[in-house]
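Working notes, structure below.
Only the coordinates and a few stated rules stand behind these numbers; no lab work does. Because the structure is predicted, anything quoted here is derived from the model rather than measured. All Cβ positions, even for glycine, are placed from backbone atoms using ideal geometry, and neighbour counts span all protein chains on display.
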Amino acid sequence: MASKNNQNQDKAYLEMTEKASPNSPIVKNCIKVFLIGGLICAFGELLFYLYGKCGFDEETVKSLVPTTIIAITAILTGVGLFDDIAKHAGAGTLVPITGFANSVVSPAMEFQTEGRILGTGAKMFAIAGPVIVYGCGTATLYGVIYFICSLF
Amino acid sequence: MAKRQGRFVLKLENKPRIIASAAVVGPKEGQGPHSADFDHCHTDDYVGQESWEMAESVIHKDAIQRAIEKAGLTPLDIDMVFAGDLLDQEIASTLGLRELNIPYVGLFGACSTMALGLGLASLMADTSAANYAIASTSSHFCSAEKQFRYPLAYGAQRSPTAQRTVTGAGAAVISSNGQKGTPYVDSILLGRIRDLGIKDAANMGAAMAPAAATTIIDFMHDTGTTADDYDLILTGDLGMVGTTLLRELMATRENMDISKVHNDCGIMIFDMEKQDVHAGASGCGCSAAILCSYILSELKKGNLKNVLFVGTGALMSPTLNQQGETIPSIAHAVLIRND
């Protein structure tokens, strides 16, 4: 929504601000994102291979791999290491399931002081909530399209 | 008695004096270039408390108590306190002052609150409405992150224009009849809200710079002064981006170069190269901690004789920001002298 009430938008000043504000180091960030994100995915592949070797069937392995990564993320978030990694990794840790796990665990920890119900319980999905809402929405839409296509 | 000088400046003719001050900060600030100037640097962000909010209130109370003690007074001697912080309902100030039994005024001016409080406390002392009045503010990195941004353990990247909220508090005791040789408040200016259309909550310096420029220009016009008339024009806290913009605005609007006498608390409190604080520092506690330690001490020693302290605040509401509204800002000025 645009700012309807404010008539003060000063274009010259906004341009001045643009010039004075340093941009994020995009190339450096992209390289870090690519390497760390890739490393997480490679680790997933390794887990996939190892769980397969342990004799689990493929369906079970598909559940075990993300569960393991979620557990590791939750522990790293809990001991305060995840945000130090994410500071460098950016989308590299945000896009894989690590980002989702971190976004649930971190508010759950932060709002403990307001109690289990109104704190942890209510605030746990404050960041992940939109992902769930629009994720489920998109999945439903996809399901409908899939259903219609399957009729022909 | 206070007299209006020009359109906006209030000249305090009875020279209310800042007889004592104290600053208490957190661990990161304690590793900064001014660590030796602070009265106490905590090593634990929680300060032994169970929540960030309680931790901030303890730091706030500590700064006030230390300032009162340094003035050789007790809380019973204080006639009123003007206090503020960044948290909803000013809870750090309220909880901090709960047990001190001092008549209390809670202020909100975001990061400009120390200048606002100092101005009002001085005005009260000038009119003898208070023999002793206190101005104090606090902020805490963790409580501010929790209220305004993300949980601490959330893996977010900060923008290079973002400023880090200072964990710290400062308090100053102003007396209606302090001794000669202590710094006094010569005049004050209450700022006007300025908003040139900045929406980016991660670029508060840019939102505040126009307010700082307006206040400084108003002050100079009313007092017939220029940058050369000050030892220091101290803004708090514009950070790197806001500082660049303020200097540019002063150059384009007034054709005045303030860079030789200007410094910013948001740049001073941290080591900008080593401490990974992006565009610098912010928060009510930032300018309060720098003013109530290093600056007032330099004024007392006579190394600085007249300092125009300009507290700048981005009056930002997360709700209005989400509604797409721009960020209104304000700057209040206090001229502190010692001669």
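At-a-glance table
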{"read-out": "Number of positions in region B:46-77 that are surrounded by fewer than 18 Cβ atoms within 10 Å (Cβ to Cβ) and either within 14 Å of B:Val166 (Cβ to Cβ) or among the basic types (Lys, Arg) (or both)", "value": "1"}
{"read-out": "Subset of region B:243-266 (residues that are part of a helix (DSSP H, G or I), more than 14 Å from chain A (Cβ to nearest Cβ) and either of a type in the set (Val, Ile, Thr) or surrounded by fewer than 23 Cβ atoms within 10 Å (Cβ to Cβ) (or both))", "value": "B:Glu254"}
{"read-out": "Single residue of region A:77-89 satisfying the filter (among the hydrophobic types (A, V, I, L, M, F, W, C) and closer than 11 Å to B:Tyr154 by Cα) that is farthest from the chain's Cα centre (by Cα)", "value": "A:Leu81"}
{"read-out": "Candidates B:Met80, B:Met114 - the one that is surrounded by fewer than 23 Cβ atoms within 10 Å (Cβ to Cβ) and farther than 19 Å from B:Lys146 by Cα", "value": "B:Met80"}
{"read-out": "Residues being over 19 Å from B:Met54 (Cα atoms) and under 12 Å from the mean Cα position of the chain (by Cα) - total across region B:83-107", "value": "0"}
{"read-out": "Condition check for B:Leu299: under 12 Å from B:Leu234 (Cα atoms) and not in a loop (DSSP other than H, G, I, E, B)", "value": "no"}
{"read-out": "Hey, B:Met240 within 11 Å of chain A (Cβ to nearest Cβ), surrounded by fewer than 24 Cβ atoms within 10 Å (Cβ to Cβ) and not acidic (Asp, Glu) or not", "value": "yes"}
{"read-out": "In region B:177-207, residue farthest from the other protein chains (Cβ to nearest Cβ) [restricted to those that are among the hydroxyl-bearing types (Ser, Thr, Tyr) and assigned to a strand (DSSP E or B)]", "value": "B:Tyr184"}
{"read-out": "Every residue from region A:13-45 that is farther than 27 Å from B:Ala209 by Cα and of a type outside the set (A, V, I, L, M, F, W, C)", "value": "A:Lys28, A:Asn29, A:Lys32, A:Gly37, A:Gly38, A:Gly44, A:Glu45"}
{"read-out": "Residue match in region A:40-62 (condition: under 20 Å from the mean Cα position of the chain (by Cα), within 9 Å of chain B (Cβ to nearest Cβ) and at negative phi)", "value": "no"}
{"read-out": "Answer residue from region B:157-174, given it is of a type in the set (Gly, Ala, Ser), buried (at least 21 other Cβ atoms within 10 Å of the Cβ) and farther than 21 Å from B:Ala333 by Cβ and is nearest to the other protein chains (Cβ to nearest Cβ) among those", "value": "B:Ala162"}
{"read-out": "Cross-chain or 6+ apart pairs with Cβ under 6 Å, region B:265-276 first and over 9 Å from B:Gly32 (Cα atoms), then β-branched (Val, Ile, Thr)", "value": "B:Cys265/B:Ile290"}
{"read-out": "Only one of B:Ser317, B:Ser329 that is free of Cβ contacts under 8 Å to residues at least 60 places away in the same chain, touching an Asp or Glu at 6+ places or on another chain (Cβ under 9 Å) and within 14 Å of chain A (Cβ to nearest Cβ)", "value": "B:Ser317"}
{"read-out": "Strands (runs of 3 or more DSSP E) fully within region B:25-143 counting 2 or more residues that are touching a residue at least 40 places away in the same chain (Cβ under 8 Å) and not β-branched (Val, Ile, Thr)", "value": "B:80-84, B:132-139"}
{"read-out": "Filtered residues of region B:131-152 (kept if out of contact with any Lys or Arg (no Cβ under 8 Å at 6 or more places or on another chain), surrounded by fewer than 23 Cβ atoms within 10 Å (Cβ to Cβ) and of a type outside the set (Asp, Glu))", "value": "B:Asn131, B:Cys142, B:Lys146, B:Gln147, B:Phe148, B:Arg149, B:Tyr150"}
{"read-out": "Members of region B:268-288 that are more than 14 Å from chain A (Cβ to nearest Cβ) and aliphatic (A, V, I, L, M)", "value": "B:Met268, B:Ile269, B:Ala281, B:Ala288"}
